[in-house]
Amino acid sequence: FVVKEEVIDNGVDFRFEIKKDNKILGFGFNFQLKSSESIEKNQDGSYSKSIETTNIEYLLNNGQPAFYGFYIEEEKTIYFANLKKVISGLNSKNPNWQDQPNHTIRFIEKLNVESVNEIYNIAFKEGQMQRKIQSVLAENFSLIEKQDKIIVDLENNVITDSKITSYIEKYGL
């Protein structure tokens with residue numbers, strides 16, 4: 001990673017850029033670090049922290065994977081939460097979660113070698129998908145003006161309506 005500390009904290013403390021084979025790829029993830037003077041452990045061993053909805057939305061607006069870190073001084077450990085998992089949990093409890101001013105986020109997973117590799121893989125995969133989307137948008141700029149749609153499936157494949165139509169015309173259904 002290339003770590004970039006944000007000087008002005010608008011909701012992101014660090015931006016991490018992915019490196020592969022010593023090349024900086026231009027995509028990565030955002031990290032918001034939280035801490036607390038005194039905190040009690042939940043019964044299941046996790047920690048909870050109240051976070052403003054505006055901060056959750058700010059991270060979401062950045063268009064990159066994002067993670068919260070929660071530093072526990074007594075343990076000298078950072079726990080983390082994936083923003084997408086946080087939002088999915090909030091949405092399953094209340095589809096209007098954005099109308100609330102704050103939310104309590106549970107931090108269960110410790111930041112360690114395995115979790116750093118997991119974060120890297122998430123950011124790498126999503127970065128590749130965003131790259132594909134931007135490439136398809138650029139390559140099909142004239143088609144976009146004709147209301148052509150771009151489809152992204154759950155496996156991060158990116159294709160346009162016109163490519164599907166062309167395929168069907170060539171090979172049939």
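The values are calculated or read from the model by the stated rules, or taken from the named source; none is laboratory data. In this text, all values refer to a predicted model and were calculated from it rather than measured experimentally. Neighbour counts run over all protein chains shown; Cβ positions are idealised from the backbone, glycine included. Surface accessibility is based on the protein's heavy atoms, side chains included, excluding ligands, DNA and RNA. Shrake-Rupley method; radii C 1.70, N 1.55, O 1.52, S 1.80 Å.
For the residues Tyr171, Tyr120, the requirement of being hydroxyl-bearing (Ser, Thr, Tyr) and either touching a residue at least 40 places away in the same chain (Cβ under 8 Å) or in contact with a Lys or Arg (Cβ under 7 Å, 6 or more places away or on another chain) (or both) singles out Tyr120. Among the residues of region 17-65, those that are among the charged types (D, E, K, R), under 14 Å from Val2 (Cβ atoms) and open to solvent by less than 80 Å² (accessible area, probe 1.4 Å) comprise Glu17, Lys19.
Of the helices (runs of 4 or more DSSP H) contained entirely in region 90-173, those carrying at least 3 residues that are modelled with pLDDT of 90 or more fall at 113-139, 161-171. Kindly indicate whether Gly45 is within 19 Å of the chain's Cα centre (by Cα), on the phi > 0 side of the Ramachandran plot and in contact (Cβ under 8 Å) with a residue 40 or more places away in the chain. Here the answer is no, as Gly45 does not meet what is asked. Of the residues making up region 70-89, those that are in a loop (DSSP other than H, G, I, E, B) and closer than 19 Å to Asp44 by Cβ are Glu74, Glu75. Among the residues of region 134-151, is there at least one that is within 16 Å of the chain's Cα centre (by Cα) and of a type in the set (A, V, I, L, M)? The answer is no; no qualifying residue exists. Checking each residue in region 12-27 for being under 14 Å from the mean Cα position of the chain (by Cα) and under 23 Å from Thr77 (Cβ atoms) picks out Val12, Phe14, Arg15, Phe16.
Restricting attention to region 152-173 and to residues that are open to solvent by 60 Å² or more (accessible area, probe 1.4 Å), hydrophobic (A, V, I, L, M, F, W, C) and within 28 Å of the chain's Cα centre (by Cα), the residue that is nearest to Ala81 (Cα to Cα) turns out to be Leu154. In region 28-40, the condition of being modelled with pLDDT of 90 or more, touching a helix residue (DSSP H, G or I) at 6+ places or on another chain (Cβ under 6 Å), aromatic (Phe, Trp, Tyr) and part of a strand (DSSP E or B) is met by at least one residue.
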